[in-house]
Amino acid sequence: MYWTGILVTAIVAVFPSWVNGQQSGWIENQVNATMCAWKGLRTSQLKDTAYMDGGFLFWTPGFADGGYGVPEQDGNPLGIIYTLNFSMPFNSSTNISSIFNTISKAPNGGAANNLAPNYYDGAMLANDSEFFLYGGLLRNTIVYSPPDGDEVLSYQASDSGLVKPGFRPGFLNDKLPDGVTRYITYGGAANAPSENKAWYFGGYRSPSGGPVYQPSLNNSLNPLNVSNTLITLDISQASPKWSNTTLPNGIPSRANPSVVWVPVGEQGILVVLGGVSYPYYSTSAQVSLNEPQSRKDSPGYMANVDIYDIASGKWYQQTTIGAPPQLAMGCAVVATAQDSSSYNIYYYGGFDGLNEDQDFNDDVWVLSLPSFMWMKISSGDPEHARAGHQCLTPYPDQMVTIGGFRSSKGGGLNCLDGGILQVFNLTEGKWLTSYDPNSWNMYGVPEMIHLMIGGDYAGGATVTTPSPTGWADVGLGSVFATTYPASKIATSYPYSSQGPGNGTRGSWNNNSKGGGTPSWVAPVLGVVLGLVFLTAIAVAIMLYRRRSLLLKKNGGSENPPYDRHHRIRKWLNGTNEKAQTVTTEDPPSRYDDMESRNETPLRSIGYTSPSPIPEMAQYEMPENQRPFELMGE
């Protein structure tokens, strides 16, 4: 076991960036791996960093002969969360793996197993300093018991001012209150850092309301029943507060809508748009349970948007003009005019939720509020289209799309055209070929929109009520007439550029775009493993000779096993090791000062260049630290 630990430490130390790549499933003669598609991931932005978790991440293997294999999913066995700092520039040919960093949800960075299993779908509910991984689907396996229905994993990235001094980033295992469960999926999530709140709208549950898994032949565990709920997470206090309210009649739940928070009213509003009823992907047969009813219901989710006033807790519904067709699994972001005279919701991608083998949507639509007019600002190409992706806005005038998957039209899994990351200029209404943290501007209302609602790029909209229908409820008009205190909204931009990124990982010469693991990994890994093996043999010989000398010197008597192991560690560390109970001069444990809610500290392994094997300091768990426990159903 001890030599196994040295081997793993040696590999991680020499190949820190290797762990950013494909985590499992490497095959004979494979020399690199490239991100191909990422279905059902969950993301959030905390200050200057995007966090990406879960979903099905597919990698295209590259072989020594220059060929490429069929994309494979790695299953995320290490429980990796990928991060992207928005100070890092990239373009269409950037090796994406070289600009992603990682943290592990697993204790000490080992196998995640049931401590932090990989979820498909679900949400990352967040403010600016922490996030909570909520909902989603696990694979039904007998290998280990899944987390309980009231368990949720959170990550504290920075000190919000509510935690104790000596704060360190790390994970926490939290408990959900009665009435709230993680057994839910396919809902729509929204975060409002200025309010320290987040929400999860609708979605689906199993027929029993209990455990729910990725669709299988066992329908009792499939996400078949709609959930008429709005889950609210309040992160304004030291302890998170969860609540569950039932949606009123007339506010339809659904699968995979997009939900955005808009700075209107005392605390803002939620706008729910898109989604699908009876999605094909809720069954193992991949067929909708009621496609005719879905085609009747689902177009209305774009034509009539649902609005939730956070301050009053009241729901409204408002008719729109010029709505796009039925769409689900798209993404949406909000851009506010500089004078707050209009709030423009950009909706990109998605598909009808019923047929994966048909063309996906690559158009970008804008729903402008308070006129409630839809306008298509960008017409796309089905080859570039995607669904199941996420969108963030690092700057007021830019939208970054992350992940997604393409239509299965033509058979097989098709890699994303243009790569995992794409950038859209919200003001100009066009796709960009690169992201530069030094190139940005304040948001300007696109000409197509301000010609319809009045004003100019800076704002000045003259259409301030739904046209031509008017307000469906005068109460909603009053909400829009209430100014949101913009001083509550904090920003992290502009970001200082970190340069062109790490070039030490080599380049991947395939014509398709995206990130990958370079070709030097396999041969150099072989060399390191060989050196480790030879070193192990040499150490074994030296220890054997030393043991023989000691036996002769001591008249054939052996020291106790503990002393022998102690000497081995002392020799390997190359230092005068203290007694195990003495820690005064050791580096501080990364578990020190952590609360007792099963925390795992940040483990960033996205180094930019190989590092030497560090000296191995011995760490001890403090008395008040509880280890992670296996969790039952």
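The values are calculated or read from the model by the stated rules, or taken from the named source; none is laboratory data. A quick note: this is a predicted structure, and the numbers were derived from the prediction, not measured. Cβ sites come from the backbone with ideal geometry, for glycine too, and all protein chains shown count toward neighbours.
Descriptive notes on the structure:
- Only one entry of Thr34, Thr83, Thr49, Thr43 meets the criterion of being on the phi < 0 side of the Ramachandran plot, modelled with pLDDT under 90 and not aliphatic (A, V, I, L, M), and that entry is Thr34.
- Filter result (charged (D, E, K, R) and either surrounded by fewer than 24 Cβ atoms within 10 Å (Cβ to Cβ) or over 23 Å from Pro215 (Cβ atoms) (or both)) within segment 250-283: Glu266
- Among the residues of segment 158-187, those identified as surrounded by fewer than 20 Cβ atoms within 10 Å (Cβ to Cβ) and of a type in the set (Gly, Ala, Ser) are Ser158, Ser160, Gly161, Gly166, Gly179.
- Look at segment 200-218: where a residue is more than 19 Å from Gly275 (Cα to Cα) and in contact (Cβ under 8 Å) with a residue 24 or more places away in the chain and a partner is crowded, with 20+ Cβ neighbours inside 10 Å and basic (Lys, Arg), sitting 6+ places away or on another chain with Cβ atoms under 6 Å, you get Val212/Arg205.
- Tallying residues that are under 13 Å from Gly330 (Cβ atoms) and either within 22 Å of the chain's Cα centre (by Cα) or not β-branched (Val, Ile, Thr) (or both) within segment 352-375 yields 8.
- Here Thr181 fits the description: at pLDDT 95 or above and in a loop (DSSP other than H, G, I, E, B).
- Filter pass, Ser478 being at pLDDT below 95 and out of contact with any Asp or Glu (no Cβ under 8 Å at 6 or more places or on another chain): no
- Check on Gly54, out of contact with any helix residue (DSSP H, G or I) (no Cβ under 9 Å at 6 or more places or on another chain) and free of Cβ contacts under 8 Å to residues at least 24 places away in the same chain: no
- Selection within segment 325-354 - under 24 Å from Arg42 (Cβ atoms) and in a loop (DSSP other than H, G, I, E, B): Gln326, Leu327, Met329, Gly330, Gly349, Gly350, Asp352, Gly353, Leu354
- So Leu432, is it under 20 Å from Gly350 (Cβ atoms) and within 33 Å of the chain's Cα centre (by Cα): no
- Subset tally (residues that are farther than 15 Å from Val70 by Cα and in contact with a Gly (Cβ under 8 Å, 6 or more places away or on another chain)) for segment 406-428: 3
- Checking Ala157, Ala112, Ala106, Ala116 one by one, the residue that is among the hydrophobic types (A, V, I, L, M, F, W, C) and within 27 Å of Val260 (Cβ to Cβ) is Ala157 and no other.
- Where a residue in segment 453-465 is free of Cβ contacts under 8 Å to residues at least 12 places away in the same chain and more than 11 Å from Gln338 (Cβ to Cβ) and its partner, wherever it lies, is among the hydroxyl-bearing types (Ser, Thr, Tyr) and surrounded by fewer than 16 Cβ atoms within 10 Å (Cβ to Cβ), with Cβ under 7 Å and at least six apart: Gly454/Thr462
- Residue match in segment 302-315 (condition: over 26 Å from Phe405 (Cβ atoms), out of contact with any Lys or Arg (no Cβ under 7 Å at 6 or more places or on another chain), at pLDDT 95 or above and of a type in the set (Ser, Thr, Tyr)): yes
- From the options Ala157, Ala192, residue that is among the hydrophobic types (A, V, I, L, M, F, W, C) and in contact with a Gly (Cβ under 6 Å, 6 or more places away or on another chain): Ala192
- Of all residues making up segment 37-49, the number that are under 20 Å from Val259 (Cβ atoms) and either polar (S, T, N, Q) or touching a Ser or Thr at 6+ places or on another chain (Cβ under 6 Å) (or both): 3
- Count - residues of segment 433-449 that are without any contact (Cβ under 8 Å) to a residue 40 or more places away in the chain and buried (at least 17 other Cβ atoms within 10 Å of the Cβ): 0
One line per residue, one yes/no per condition, for (1) modelled with pLDDT of 95 or more; (2) within 25 Å of Gly187 (Cβ to Cβ); (3) in contact with a helix residue (DSSP H, G or I) (Cβ under 9 Å, 6 or more places away or on another chain):
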residue: Leu392; (1), (2), (3): yes, yes, no
residue: Tyr395; (1), (2), (3): yes, no, no
residue: Gly404; (1), (2), (3): yes, yes, no
residue: Gly411; (1), (2), (3): no, no, no
residue: Asn414; (1), (2), (3): no, no, no
residue: Leu426; (1), (2), (3): yes, no, no
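- Filtering segment 91-102 for residues that are closer than 30 Å to Pro223 by Cβ, at pLDDT 80 or above and either more than 17 Å from the chain's Cα centre (by Cα) or of a type outside the set (S, T, N, Q) (or both) leaves a non-empty set.
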